[in-house]
């Protein structure tokens, strides 16, 4: 067994250990758990758009507990200020200087709960943190801990009292997907287990921050062939050429697609990316970056449907 093969096998073992642990709390939602884990492996962020009460917050808490990371929850409300997220400089009279007091964004896993209930200005306060892993306050830059990941939850836009996320904010999220309601037998098990206490309270760490960073390194070295690069770019360019879209995916979408495919391959214990890795994650990685034309939106066309049509039309490399 080569050194590369051993590293990939160890990375896959760490991933499955974390996913199994999270599934003790988020029952019956293995796909959602693995997608979130793929985003972490790819050093990205996740936007969960779903109805209340399906486990979005618990998914974030469980993942943080599983990797032994610091967890902070920010409840986004209309009166939340940017400094409530990033932190603020306060004058220390004894030291006769300003001292920086870090905000809740300084954690390994940050839950931005109901992010679309805050004003666009407050939503934008996360942009630098998500893209550059740092926060600048009063001209001073502060590095965020590693690993760093934002898991944001979003209520469907038809709910009252919400603000649509601007395109620049949406583009910073590596993946957007929904968890969905559990099956009946799974929901019965959830109710039974939580009558006396929530399982997340007894969840223990099964991995370390160093192990997570090692998995990220292994995934970044996962081989991507020229055919896979071309396939990913064909999908992205297809969104730009679509008559149904006002705006297609940009280069950040291409990068997200390939990085996620590397994460899936690593999760499955492979050191190379296959076409199915790209296909399985394309909708979650691209759909939220697309803006349908007004006439297409009136007809009910969504970004997800455009991606699905491209997956059907564009040949898969052999």
- Query: Looking at (1) in contact with a strand residue (DSSP E or B) (Cβ under 6 Å, 6 or more places away or on another chain); (2) farther than 24 Å from residue 167 by Cβ, can you tell me which one residue 79 breaks?
  - Reply: (1)
- Message: Quick check on my filter: what residues within the range 133-170 are at pLDDT below 90, under 22 Å from residue 252 (Cα atoms) and assigned to a loop (DSSP other than H, G, I, E, B)?
- Response: 164, 165, 166
- Assess whether residue 167 counts as being over 25 Å from residue 296 (Cβ atoms) and not assigned by TED's automatic domain parsing to the domain that holds residue 292. no
- Query: Any idea which residue in the range 188-212 is farthest from residue 5 (Cα to Cα), counting only those that are modelled with pLDDT of 90 or more and surrounded by 13 or more Cβ atoms within 10 Å (Cβ to Cβ)?
  - Reply: 205
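Scan the range 118-132 and give yes if some residue there is closer than 27 Å to residue 210 by Cα and surrounded by fewer than 13 Cβ atoms within 10 Å (Cβ to Cβ), otherwise no. Let's see the steps before the verdict.
As a first pass, look at the range 118-132 and keep what is closer than 27 Å to residue 210 by Cα: 126-132.
Applying the additional criterion that residues be surrounded by fewer than 13 Cβ atoms within 10 Å (Cβ to Cβ) yields 132.
Yes: the range 118-132 contains one or more residues that are closer than 27 Å to residue 210 by Cα and surrounded by fewer than 13 Cβ atoms within 10 Å (Cβ to Cβ).
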- Message: Could you check the range 93-105 and list, in sequence order, the residues that are loosely packed, with under 14 Cβ neighbours inside 10 Å and farther than 18 Å from residue 139 by Cα?
- Response: 93, 94, 95, 96
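Would you mind finding the one in 249, 256, 232, 284 that is part of a helix (DSSP H, G or I) and without any contact (Cβ under 8 Å) to a residue 60 or more places away in the chain? Can you show your working first?
Values: 249 fails: part of a helix (DSSP H, G or I); 256 fails: without any contact (Cβ under 8 Å) to a residue 60 or more places away in the chain; 284 fails: without any contact (Cβ under 8 Å) to a residue 60 or more places away in the chain.
The match here is 232.
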- The condition of being surrounded by fewer than 17 Cβ atoms within 10 Å (Cβ to Cβ) and under 24 Å from the mean Cα position of the chain (by Cα) holds, among 250, 303, 274, 263, only for 250
- Query: In the range 81-113, what residues are assigned to a loop (DSSP other than H, G, I, E, B) and either closer than 17 Å to residue 64 by Cβ or at pLDDT 90 or above (or both)?
  - Reply: 81, 103, 104, 105, 106, 107, 108
- Within the range 66-91, track down each residue that is buried (at least 22 other Cβ atoms within 10 Å of the Cβ) and within 21 Å of residue 23 (Cα to Cα). 66, 67, 69
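Out of the helices (runs of 4 or more DSSP H) lying entirely within the range 1-72, which hold 3 or more residues that are more than 14 Å from the chain's Cα centre (by Cα)?
Values: elements: 3-23, 30-41, 56-66.
Fully inside the range 1-72 and qualifying: 3-23, 56-66.
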- Task: Determine if the range 265-283 includes at least one residue that is closer than 20 Å to residue 47 by Cβ and at pLDDT below 95.
- Result: no
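The values are calculated or read from the model by the stated rules, or taken from the named source; none is laboratory data. These numbers come from a predicted model, not from an experiment. Every residue, glycine among them, receives a Cβ derived from its backbone with ideal geometry; neighbour counts consider all protein chains shown.
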